[in-house]
Structure formats: C-alpha cells, structure tokens
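In what follows, a structure is listed as structure tokens, so that the remarks can point back to it.
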Amino acid sequence: MRALKAVVLSLGALCVAAFGVLVYLVVAGIGGKEASAPQAAPSAIAAAAPPLAGLRWNDLSLGQPAGTRIVGVSASGGLLAIHVEAPGGTGSILLVDPASGQLRGRILPGTNP
C-alpha cells in the first residue's frame, strides 16, 4: 500500500511540475514577442492616400500643398511617421512604409473618420 501511495504522490508532483513549466513557457513566449504596430490605417484614410510605390526615394512626394514643411520624422513599428505642418499651421502625421515608399495613412487632428 505504501508503494502505491508513493507512486500516486510522485505522479501528482510530476503533473504539477509539468503544468508549471507549461505556464512558464506560455508566459515567457508572450512576453518575449514585440508588440506589433497597427498594420493599417482606417480603410477610408488608406484608400484616399496616393500610391507612392515605384518611385525612387529621391523623387518621393507626399502629396501635400505647397508651403508645407516637415517638422519631424521618426520610425514607428516599421513605418516612418512624418510630422508635417501646412502653411495655415494645421499639422498632421503621415505614415509611410519605407520598404515600398507607399503612404499608408494620415493622422489628422480634430477630424472624425
């Protein structure tokens, strides 16, 4: 009877240890991945963005009105976030895919899609 109790307790401890390892691997796998950037802007904004693919980078046009200036540029999750300011002082952020040169979307202040 003692041998049976020892076997049952050993298998129970083994199951608990295996469950602990499984939980650790799941948590470590989730925590180790980088958070991915949003892949697409809302479809209405993305559809309105002019295609820039096929252009050489030195010929890239963002399709902004004359007098617009680039305030800043930063990388954000695989995209370039370009902060531009129109002559009237209205700013926006353009999201450009550096791999293709395509404008992925715009972030406009004070507007609802």
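No value in this document is a laboratory result; all are computed from the given coordinates. Everything numeric in this text was worked out from a predicted model, so none of it was measured. In this analysis, Cβ positions are derived from the backbone assuming ideal geometry, glycine residues included, and neighbour counts consider all displayed protein chains.
A compact table of results
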quantity	calculated
Simple label model, 7 Å out from Cα along Cβ direction - Ala99 to Val27, nm	3.4 nm
Gain on full stretching of the segment that runs from Gln64 to Ala81 - 0.36 nm per residue minus C-alpha separation	4.6 nm
Spin-label pair Thr90/Ala13, simplified geometry with 7 Å Cα→Cβ offset, distance in nm	7.2 nm
